[in-house]
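Some notes on the structure that comes next.
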Amino acid sequence: MEQRHLGRTGLRVSRIGLGTLTWGRDTDEHDAADQLKAFWEAGGTLVDTADVYGGGDAEYLLGRLVERLVPRRDLVLATKAGSVPDPERRFDGSRGHLLAALDDSLQRLGTDHVDLWQVHAFDPLTPLEETLQAVDIAVSSGRARYAGVSNFCGWQLAKAATWQLAAPGPRTRLASTQMEYSLLQRGVEREVLPAALDLGIGLLPSSPLGRGVLTGKYRGGVPTDSRGASERLGAFVEPYLDETADRIVGAVSTAADGLATTPLQVALAWVRDRPGVAAPIIGARNARQLTEALSVETLSLPDEICQALDDVSAPVHRYPDQDWSTL
């Protein structure tokens, strides 16, 4: 699998990442082991998790599998901290919470460092410089090699990245930002992606298959064995089951027929090769689904297909993104 630099750093990652959102909850140890082995054998390196995935079970399961199945040195382990199960406060970016969460993650993962540590979300109740100081401490102490953020909007990302570049003293350059990005969700193109490109930050798209909808499996209704039919994830999929999404999925399916491939591969190739993207994160239910996604390595979409998909999925961005004189 092709390797890409993560932003303007020396860290190289596989251009498809393996997600573990459901590990330890909906994905058991057997299926997780099959996925990790298939991913590694395909040349994949970037494995993404978080301290809240499965209440910590995803990290614990990943830690049990690393070394037993795959050498630690062959993986780029990425985790996150900052989300908390508190109805009064969804995110905690305080220095104390973040560093304690990192220590807990390292223990569950069974390693002395992670390759990429990400602040899971912006915390409006904590000064940003305090959150970023935790990032600097994590890297300077060797507990994290590189750092990034997740779910930061455009101004939040630009402020954080600029602070790290401009503030006095040794600071850790932000390597990445993880955001939802797909043909069904192109909101990052308004401000986040331009900021990331300007500041040398690599984008790690989550839900690159539109929460599974871009595979085309929902076109005839919601399959009983799908995430859309599950009590836990049904509400997660439902926003992408409207007429707009159906039109886009139809275009993806038409492109797949013309290329003798699958809608999954077309949708994934589109987002993988967008400017500024380092590695889409794929969350598969089993090794078979993951293997199908990894086979996209051999696919490059023709320019006319990319343009057609761009047109059918184009978000409406007017003032101030367009020249005011044309509005």
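Quantify, in whole percent, the carbon and sulfur part of the accessible surface of the chain (1.4 Å probe; protein heavy atoms only).
50
Return the inverse of the average 1/r over all pairs of distinct C-alpha atoms in the range 84-141, which is the Kirkwood hydrodynamic radius, in Å to one decimal.
About 12.0 Å, per the Kirkwood formula over Cα pairs.
Determine, from the Cβ-Cβ distance of ARG219 and ASP86 and an R0 of 35 Å, the FRET efficiency 1/(1 + (r/R0)^6), rounded to the nearest 0.05.
The formula returns an efficiency of 0.35 here.
Whose amide H sits under 5 Å from the amide H of ALA147, counting only residues 5 or more places off or on another chain, with H placed in the peptide plane?
For ALA147, the qualifying residues are TRP117, ALA175.
Once the Cα atoms of the range 1-148 are picked out, what are the Rg and Dmax in Å?
Rg and Dmax of the range 1-148, Cα atoms, are 15.0, 43 Å.
Which of GLY200, GLY55, GLY283 ends up with the largest GNM mean-square fluctuation for the chain, with Cα atoms connected below 10 Å?
GLY55
What list of ³J(HN,Hα) values in whole Hz, one per residue of the range 156-162 in order, does the Karplus curve 6.51 cos²θ - 1.76 cosθ + 1.60 (θ = phi - 60°) give from phi, with Gly and Pro shown as x?
5, 5, 5, 5, 5, 5, 5
Could you tell me the convex hull volume per residue, in Å³, taken over the Cα atoms of the chain?
142
Hey, rough spin-label estimate for GLN107 and ASP273, points 7 angstrom out along Cα→Cβ, what's it come to in nanometres?
4.7
For the range 237-253, in order, what is each residue's ³J(HN,Hα) by Karplus, 6.51 cos²θ - 1.76 cosθ + 1.60 with θ = phi - 60°, in whole Hz (x at glycine and Pro)?
8, 3, x, 9, 10, 9, 5, 4, 5, 5, 5, 5, 4, x, 5, 5, 5
Provide the percentage of antiparallel DSSP beta bridges, counting only those with both residues in the chain; round to the nearest 5.
15
Lysines near LYS159 by alpha-carbon distance under 23 Å, same-chain residues fewer than 8 away left out - which ones?
LYS80
Quick check: residue separation of GLU238 and ARG288 times 0.36 nm, minus the Cα distance between them. What number comes out in nm?
Working it through step by step, the gained length comes to 15.6 nm.
Each residue of the range 178-189 in turn: what ³J(HN,Hα) in whole Hz from Karplus with 6.51, -1.76, 1.60 and θ = phi - 60°, glycine and Pro shown as x?
Values, residue by residue: 9, 9, 5, 7, 6, 4, 9, 9, 10, x, 5, 6 Hz.
Treat each spin label as a single point 7 Å out from the Cα along the C-beta direction, and report the ALA100 to ASP57 distance in nm.
With each label point 7 Å from Cα toward Cβ, the separation is 2.4 nm.
Classify the range 28-101 from the C-alpha gyration tensor, please: rounded if a/c falls under 1.5, else prolate or oblate depending on whether a/b exceeds b/c.
In terms of gyration-tensor shape, prolate.
Projected onto the charge dipole of the chain (+1 at Lys/Arg Cβ, -1 at Asp/Glu Cβ, origin at the Cα centre), which of PRO208, GLY96, ALA293 gives the Cα projection farthest towards the positive end?
Of the options given, the answer is GLY96.
Under the 0.36 nm per residue contour assumption, what length would be gained going from the current alpha-carbon distance of ILE137 and GLN322 to full extension?
Here the segment from ILE137 to GLN322 would lengthen by 62.6 nm.
Helix-derived [θ] at 222 nm for the chain: sum -39500 (n - 2.57) over DSSP H runs of at least 4, divide by residue count, nearest 500?
When only DSSP H runs of four or more count, the value is -11000 deg cm²/dmol.
Please list, by residue number, everything in the range 296-314 whose backbone N is under 20 Å from a paramagnetic label point 7 Å out along Cα→Cβ of ALA260.
296-306
Which value, in Å², gives the accessible area per residue of the range 1-82 when a 1.4 Å probe is used on the protein heavy atoms?
Per-residue value: 37 Å².
On a C-alpha basis, how far is the centre of the range 56-134 from the centre of the range 269-327 in Å? Whole number, if you could?
28
Just the number please: accessible area per residue for the range 115-200, 1.4 Å probe, all protein chains included, in Å².
39
The values are calculated or read from the model by the stated rules, or taken from the named source; none is laboratory data. This is a predicted model, so every value here is computed, not measured. Counting neighbours? That spans all protein chains shown, and the Cβs are built from the backbone with ideal geometry, glycine included. Ligands, DNA and RNA are stripped out before the accessible areas are found, and what is left, the full protein with its side chains, is counted by its heavy atoms. Shrake-Rupley method; radii C 1.70, N 1.55, O 1.52, S 1.80 Å.
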